[in-house]
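Input: a single structure, listed below in structure tokens.
The values are calculated or read from the model by the stated rules, or taken from the named source; none is laboratory data. Because the structure is predicted, anything quoted here is derived from the model rather than measured. Cβ placement follows ideal geometry from the backbone for every residue including glycine, while neighbour counts extend to all protein chains displayed.
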Amino acid sequence: MAERREIKRKLLHAGGWQVAKRAAKMVPFGGTAVAILLVGSDIRNKGVVKGIANSGIDAIPFVGLAKNAVELFTGDFIPDKDGK
């Protein structure tokens, strides 16, 4: 029973971080700064080319807003590398 609570807590914590990152990227112009700060994370998760492309799209003020709003409901347009 305690293990289930621990797993649920970890999933909620990880999911909350993903939503917080996406929400921060959605703020026009401030989201550009967040996208630049998270380039390393995108490169690590998606690979060099896909990570830079994803961060570049996120850094464009209103385009990044629209992309992240859609991704909240549909998932990533640019998928992570295999093995993640």
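Here is how the numbers come out for the structure above:
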{"read-out": "Some residue of the stretch 50-59 being out of contact with any Gly (no Cβ under 7 Å at 6 or more places or on another chain) and modelled with pLDDT under 90", "value": "yes"}
{"read-out": "Evaluation of A69 against (1) at pLDDT below 90; (2) buried (at least 16 other Cβ atoms within 10 Å of the Cβ) (one fails), failing number", "value": "(2)"}
{"read-out": "Selected residue (only one of K25, K10 is crowded, with 17+ Cβ neighbours inside 10 Å, at pLDDT below 90 and assigned to a helix (DSSP H, G or I))", "value": "K25"}
